[in-house]
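Just below is one structure, and these are the notes that go with it.
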Amino acid sequence: MITYNEQIRTFKLDTPRTSYVMGIRDGGFLLNLYYGRRLPDDDLWALSNRLPSASFSPSDPDYTDFSTDVAPMEYPTNGRGDFRVSALSVRGADGSSVTDLRYVSHRMFRGKPDLPGLPHLYADDDSECETLEVTMRDPLTGVEAVLVYTAFEDCDVIAKHVRLTNRGGRTVKLERALSSCVDLPSMDFDLITLWGRHAKERQFERRPIARGLQGIRSKRGSSSHNHNPFAALAQTGATETTGEVYGFNLVYSGNFTLTAEVDHNASTRIVMGIDPSDFGWLLAPGETFVTPEAVHVFSADGLGGMSRVFHRCYGEHLIRGRWKTEKRPLLINSWEAAYFDFDTDKLISFAERARELGIEMLVMDDGWFGKRDNDRSSLGDWFVNEKKLDLSRLIDYVHSMGLKFGIWYEPEMISPDSDLYRAHPDWCVHVAGRTPSIARHQYVLDVSRPDVRENVYGQMREVLCRYPIDYVKWDFNRNLSEAGSALLPAERSGEFFHRFVLGTYELQDRLIRDFPALLLENCSGGGGRFDPGMLYYSPQIWASDNTDPIERLNIQFGTSLCYPASSMGAHVSPCRRTGYRTKGDVALWGTFGYELDPNDLSEEEREIIKEQVAEYHGYYELIRRGDLYRLICPWDNDFVSAWSFVSEDKREALVTLVRMRRQEETLLHLKLQGLDPDAFYTVEGTGERYSGALLMYAGVEMTGAAWDDGDSCKLHLIAE
Ligand code: GLA
């Protein structure tokens, strides 16, 4: 619900358990007065009474009791006396980047507007949310900023983006156009972020914030393995279950910044949006630029509470299409089984063995197109390598067995050794006169260009129309460098990175519109583009090329800070550590599937896999729709990790525990969470009966504690 109190000129955005309050101050300054637990409406006036001014801090001559330098600014601008990190900086035709925004008007309406060309949260029905648009204007340049906020009724989420329109008479340049800013009157926070690299994505990092700047960004052209566009500010001492936590996530797959700045008053500002360092956008009179959307979550129930809000929100308001609700097929992927070394018969043998195990889809990974037998050629030549493959025979056979069939693409890439590159050398991302750098023997295809998009999409469309393909894995295997496009004029070179991302979004949008039954899975050298932008197009994303179940724990726990289980690509592979049971127990957390040669399995392994397949079906709804509780996190404990899924009605729970390393103590008390304390639960298999209260407050003793490294166990609880 959103209200405006005319008397004190204050907006209040309420979600079920949170409030976000803004006030218009004399002079038209828009202030960020409060964000946190839900407040009553009656005494909001007290919030705006606290505004300080400070010596040395400049003020508007008409309002000298107030300085932007020390005020909580809702959308801070550059050069008007607020010396902290700003959200907007516009270089005017006069060469100055001083930017000033003052309130003009506002409107409120039910529902949520689309962001053209950009991924965003949505509501199926206008009753699910309400939107506030506050229009601000810079009197000198005429730049108008419409700050767009949506408060959801069914989850504690506020989404925000900004529409910038040049209402002046001269072209200006946006040098910084961020999506959101939140000013909090405290520095008692830890900053939590997810860092990583290839095969080690989304590792949890927590550090106390300090005065000055701190934060993360990507300049790699994609959201990256290295930093996820997510950050949390957790009250000092907040845990999984207690304390106040703010979570921020940018719905964007390109260069981003998430920066926190603590000032001399111990106030914390956090801003997020497109990273400004390689950004500049010309805005001619009448033109509009829309920022990506930022998602804000507040939870008073610790990190676990924050995560569950993100999960519900993304499950309901971000993931779309048929596969939002339809059961996804359990797949086997050819990559780790065969790499580039396959032909029709080998894949048919995979499908035959897989079917015996109960697997539902065969995915043919990299190596089916052009003349690709290794990673040195053919990206861009998206036609079937008929010397290697009879695709019609393969798909017909796979379908005749009742399996679905999937295929791999890397549409935004081009190999120097490809027909496409030989025909169009200027179609790769490059800067004239500079040698483009190479990574994995490939260049990046310039999908900021409409003609390039037309070509690559046309090639994909031809294959997807000719063959009945059920699934596409969309990969992206390098970072961008020498970032430029042959079509962009010099003064627009700063637009390249964002135009590239918009190009990717357009391609994925076309694909899922033209082929609505297709299941799309994004991937980027594992989980290098695991972000909410991608989730808008593909309901699942391959989380990491690292399928070692012990190392996967850190990756999956980290990913779960804001991404739901239904989105997390997780497969069982023949990697070196642990037996197949643990591999399966860890992969069950995600979308679940296999990445191995099913001809190479022992009889015992085949039996285990058949049991896992049955478990996958049995727990599907619980894991996809249930609430996740991280019970023992790998970043808190070197020996054991544990997590559970609890159904929404609290009648069913699945608890999984993995011993990462053997420890001295043999007993382990595990306190469960999220159960109904008054209900009695029966443990499947043993028939033991415990109250929810005992399981949560006293804990359950994990008696099989003499396990070796890498062992796991599950408890399935059903309430009577
Ligand atoms: C990336 C993906 C892998 C596989 C290979 C194919 O590394 O993460 O799963 O698809 O590319 O080249």
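So, restricting to strands (runs of 3 or more DSSP E) that lie completely within the stretch 15-131, which ones have at least 2 residues that are under 20 Å from PHE248 (Cα atoms)?
Ranges flagged: 18-25, 29-37.
Which one of these is on the phi > 0 side of the Ramachandran plot and touching a residue at least 12 places away in the same chain (Cβ under 8 Å): ALA159, ALA199, ALA151?
ALA199
Output the number of residues of the stretch 327-382 satisfying the condition of being in contact with a Gly (Cβ under 7 Å, 6 or more places away or on another chain), under 19 Å from GLN442 (Cα atoms) and buried (at least 18 other Cβ atoms within 10 Å of the Cβ).
The total comes to 3.
The conditions are (1) under 23 Å from ARG624 (Cβ atoms); (2) within 15 Å of the ligand (Cβ to nearest atom); (3) of a type in the set (Asp, Glu), and ASP548 fails exactly one of them. Which is it?
(1)
Kindly evaluate THR325 against the criterion of being closer than 17 Å to GLU521 by Cα, polar (S, T, N, Q) and more than 16 Å from the ligand (Cβ to nearest atom).
Taking the combined requirement at face value, the residue satisfies it.
ILE332 passes all but one of (1) within 16 Å of the ligand (Cβ to nearest atom); (2) in contact with a Ser or Thr (Cβ under 8 Å, 6 or more places away or on another chain); (3) aliphatic (A, V, I, L, M); which number fails?
Answer for ILE332: the failing condition is (2).
Name the residues in the stretch 1-30 that are over 21 Å from GLY243 (Cβ atoms), touching a residue at least 40 places away in the same chain (Cβ under 8 Å) and crowded, with 22+ Cβ neighbours inside 10 Å, would you?
Selection gives PHE11, LEU13, MET22, PHE29, LEU30.
Pull up the stretch 470-493, narrow it to residues that are away from the ligand (no atom under 16 Å from the Cβ) and crowded, with 21+ Cβ neighbours inside 10 Å, then point me to the one that is nearest to VAL398 (Cα to Cα).
Per the stated criteria, the residue is ASP470.
Pairs please, first residue from the stretch 342-366 and among the aromatic types (Phe, Trp, Tyr), second anywhere and part of a helix (DSSP H, G or I) and within 16 Å of the ligand (Cβ to nearest atom), Cβ atoms under 7 Å, 6+ apart in sequence or on different chains.
Filtered contacts from the stretch 342-366: PHE350/ALA337.
Only one of (1) surrounded by fewer than 22 Cβ atoms within 10 Å (Cβ to Cβ); (2) part of a helix (DSSP H, G or I) fails for MET534. Which number is that?
That leaves (1) as the condition not met.
Of VAL295, VAL290, VAL262, VAL271, which residue is touching a Phe, Trp or Tyr at 6+ places or on another chain (Cβ under 9 Å) and over 18 Å from ARG529 (Cα atoms)?
It is VAL262.
Checking GLY380 against (1) of a type outside the set (Asp, Glu); (2) under 32 Å from the mean Cα position of the chain (by Cα); (3) within 26 Å of VAL613 (Cβ to Cβ), which single condition isn't satisfied?
So the condition that GLY380 fails would be (3).
Return the residues of the stretch 406-442 that are crowded, with 21+ Cβ neighbours inside 10 Å, away from the ligand (no atom under 16 Å from the Cβ) and not β-branched (Val, Ile, Thr); say none if nothing qualifies.
LEU420, TYR421, TRP427, CYS428, HIS430
Right, LEU140: of a type in the set (A, V, I, L, M) and either surrounded by 18 or more Cβ atoms within 10 Å (Cβ to Cβ) or in contact with a strand residue (DSSP E or B) (Cβ under 6 Å, 6 or more places away or on another chain) (or both) or not?
Considered against the rule, which asks whether it is of a type in the set (A, V, I, L, M) and either surrounded by 18 or more Cβ atoms within 10 Å (Cβ to Cβ) or in contact with a strand residue (DSSP E or B) (Cβ under 6 Å, 6 or more places away or on another chain) (or both), LEU140 comes out as no.
Counting residues that are in contact with a helix residue (DSSP H, G or I) (Cβ under 7 Å, 6 or more places away or on another chain) and under 30 Å from GLU316 (Cα atoms), which strands (runs of 3 or more DSSP E) fully inside the stretch 610-720 reach at least 3?
Hits in the stretch 610-720: 627-632, 652-659.
On the given criteria, is ASP531 acidic (Asp, Glu), in contact (Cβ under 8 Å) with a residue 60 or more places away in the chain and more than 10 Å from the ligand (Cβ to nearest atom)?
For ASP531, the condition - acidic (Asp, Glu), in contact (Cβ under 8 Å) with a residue 60 or more places away in the chain and more than 10 Å from the ligand (Cβ to nearest atom) - is met.
Each value in this text was obtained by applying a stated rule to the coordinates, not by laboratory testing. What you see is a predicted model, and the numbers here were worked out from it, not measured in a lab. We place every Cβ from the backbone using ideal geometry, glycine too, and count neighbours over all the protein chains shown.
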